[in-house]
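Just so you know, all these numbers are worked out from the coordinates, no wet-lab data involved. As the structure is a computational prediction, the values presented were derived from the model and not from experiment. Because the Cβ atoms are built from the backbone with ideal geometry, glycine has one as well, and the counts that use them run over all protein chains shown.
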Amino acid sequence: MANENSFTQTLTNLFVKKEEEIPEEYRIGEVHQKEYLINGEMRAWNGKVTEVYSPIMIQSAEGPKRKFLGTYPVGTEKEALEALDAAIAAYDNGRGEWPTMSVSDRIACMERFVYKMGEQKATIVKLIMWEIGKSYADSVKEFDRTVEYINNTIDALKDLDRQSSRFAIEEGVIAQIRRSPLGVVLCMGPFNYPLNETFTTLIPAIIMGNTLLFKPPKHGTLVHYPLLKAFQESFPKGVVNTVYGRGADVTPCLMKSGKINVLAFIGSSKVANDLKKNHPKLNRLRAILSLDAKNASIITKNADLSLAVNESILGSLSYNGQRCTAIKILFVHKSIVDDFIKQLNEAIAALKYGLPWEKGVLLTPVAEPGKPAYLTECINDAIANGAKVMNENGGTVAESFVFPAVVYPVNNKMKLYREEQFGPVIPIVPFESLDEPIDYLIESPHGQQVSVFTTDAKEAAQLIDPLVNLVSRVNINSQCQRGPDVFPFTGRKDSAEGTLSVVDALRSFSIRSLVASKMNDVNKDLFNAVVKNHDSNFLSTNFIF
Ligand code: G3H
């Protein structure tokens, strides 16, 4: 206990005594967002605001205090419905400037946006770090990965358009087939990748010609403020409209209107269900969802232990385990579990913990204010049901810091067996037969990914065949992860609906439409005339180089 207390103090002491101790390039001033974007206008906001506090604390006479970062509007139903009206008007039943614009002109707008986004890099990276406690290095990575995603999306759309710039002739019918937009999209991203994951739906939704209601995540809202002007200046009015306020207050009216055509949501399956249920015409609603996950890792007796330890650290503890793709439960064969835990504990003890701007830091304060108490509750529940914290200082909490806990042996009576902890706790279940982890996955409500650690090809094959039908990605001797972003990212059961990747997302936010005609001289002449005169953006053989 004495040790634990002194380690709590060590963690508490990580927080700086005064802001001047923070290297100047990482300091941040208060940001007060007093405007919001609707119908191409930055409208002034004089109503209630949400105060934003960082998970990063500063010492004070009363103990460490969350740094105050600024404020943003608490919108109401009124502004949400105004945003909806603007998006509907800009779409204009598919007749608006944006949905009828040529693909090359839409790409030009997106290129303008990505250029303007680049100008805001330093501000956005700092906001990611301060708002959600992500390390500076990972915040930079999040920004760069997003820019790359946008550029890859532009390239993928060029390819798609090139394939569509020709006529198809079948059974005496001539046709041109293209992908066209779906309508108004409500887009909501998560706090853990507030920029990147939000943009993996928002960007393809826009570029395919839809119009948008964009509600930034609860933590990571200010991150988007520097981009509102870029949206305003890059796209026609009404294409991107912002929605602020508590989700429970402002989203039901949007869904109940029946005028949302696509719900793009990354968050919990419960919230996704509630949102969908509010829509009066479910058949008209397309949902692109990335939801709960409890990815398991299966470490067999044939695993390369040191590799399994390294990947388990990355899989469970990158960004403190606050990733939907994180490994959230480990099944380790009984014959190697003691060695595995010993090596894992040593590796954890060597990890760098500290404030997000420190070089090489892996463990940083967790983003959600209630998370340390929740993780402690999970650990205590496991202890009450027969588990132990296996590593030194495991589970020690100091304000927003939670030191990783290795919890063993975990069984089905414990919260950690089923709940998605979304934090730095590593539950380990010993197993004898490979049927045990497979049965776990069969019973699990989740089906995103799994990791398998083995050096035995026969064993790998024996696991791969059933596992690919239980989850959507089987990682061999590698942690679970979303990237590379050109690979399909999805999940089974309650983990996802629809597939995202650079290419899949373009399909998810569009539908195939075609212009077709019986092939006779009159129709051939008519098609040729339209194409020759460049009168239509759809019926066109223009080729994007
Ligand atoms: O939170 C879920 C993210 O999509 C995970 O992405 O695997 O690249 O960290 P990542």
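Using the Cβ-Cβ distance between Ser306 and Ala168 with R0 set to 60 Å, the FRET efficiency from 1/(1 + (r/R0)^6) comes to roughly 0.65. Sites listed here are GluC sites (Glu not before Pro) in the stretch 125-216 whose DSSP assignment is loop and whose Cβ has at most 13 other Cβ atoms within 10 Å: Glu171. Length available on full extension from Ser6 to Asn46: 0.36 nm per residue minus the Cα-Cα distance, which gives 9.7 nm. Beyond a 26 Å Cα-Cα separation, which of these cross-linked pairs lie in this structure: Lys126/Lys493; Lys65/Lys352; Lys328/Lys352? Correct reply: Lys126/Lys493. Spin-label model, Ile22/Phe545: points 7 Å from Cα along the beta carbon direction are separated by 5.0 nm. Prolate is the label for the stretch 426-466. Its Cα gyration tensor axes, ordered a ≥ b ≥ c, give a/c of at least 1.5 and a/b above b/c. The mean sequence separation of alpha-carbon pairs under 8 Å and at least six residues apart, normalised by the residue count of the stretch 295-493, gives a relative contact order of 28 percent. The modelled label-to-label distance for the pair Ile464/Ala175, using points 7 Å beyond Cα in the direction of Cβ, is 3.6 nm.
Once both labels are positioned 7 Å from their Cα atoms along Cα-to-Cβ, the gap between Ala516 and Asp535 label points is 2.3 nm.
Pairs of Cα atoms nearer than 8 Å and 6+ residues apart set the relative contact order; for the chain it is 18 percent. Legend: distances between Cα atoms for Lys158/Lys281; Lys78/Lys237; Lys67/Lys276; Lys134/Lys237; pairs beyond 26 Å are Lys158/Lys281; Lys67/Lys276; Lys134/Lys237. Annotation: the antiparallel percentage among DSSP beta bridges lying fully within the chain is about 45. What separates the Cα centres of the stretch 26-53 and the stretch 385-435 is a distance of 40 Å. Summarising the amide proton neighbourhood of Val332: residues at separation of 5 or more, or on other chains, whose placed amide H is nearer than 5 Å comprise Ile299, Val429, Phe431.
Of the GluC sites (Glu not before Pro) found in the stretch 5-98, the ones in coil according to DSSP and having at most 13 other Cβ atoms within 10 Å of their Cβ are Glu30, Glu62. The packing ranking, built from the mean of other Cβ atoms within 10 Å per residue, places the peptides 232-242, 526-536 in the order 232-242, 526-536, highest first. When each of Asp521, Asp504 is scored by the number of other beta-carbon atoms lying within 10 Å, the sequence from fewest to most is Asp521, Asp504. Here is the P(r) of the stretch 369-452: all C-alpha pair distances, binned every 10 Å from 0, give 17, 48, 29, 6, 0 in whole percents. Paramagnetic label reach from Ala350 (point 7 Å along Cα→Cβ; backbone nitrogen cut-off under 20 Å): within the stretch 296-311, residues 303-311. Applying the criteria of a DSSP loop state and at most 14 other Cβ atoms within 10 Å to the trypsin sites (Lys or Arg not before Pro) of the stretch 66-116 yields Arg95. If you model the chain as an ellipsoid using its alpha carbon gyration tensor, with each semi-axis the square root of five times an eigenvalue, the axes come out at 44, 30, 19 Å, biggest first.
Measure nothing but the geometry: give the 0 to 90° angle between the long axis through the Cα atoms of 457-467 and the longest principal axis through the Cα atoms of the chain, rounded to 10°. So the inclination is approximately 60 degrees. Straight-distance candidates among the aspartates and glutamates for linking to Lys342, with alpha-carbon spacing under 14 Å and chain neighbours fewer than 8 residues away dropped: Glu392.
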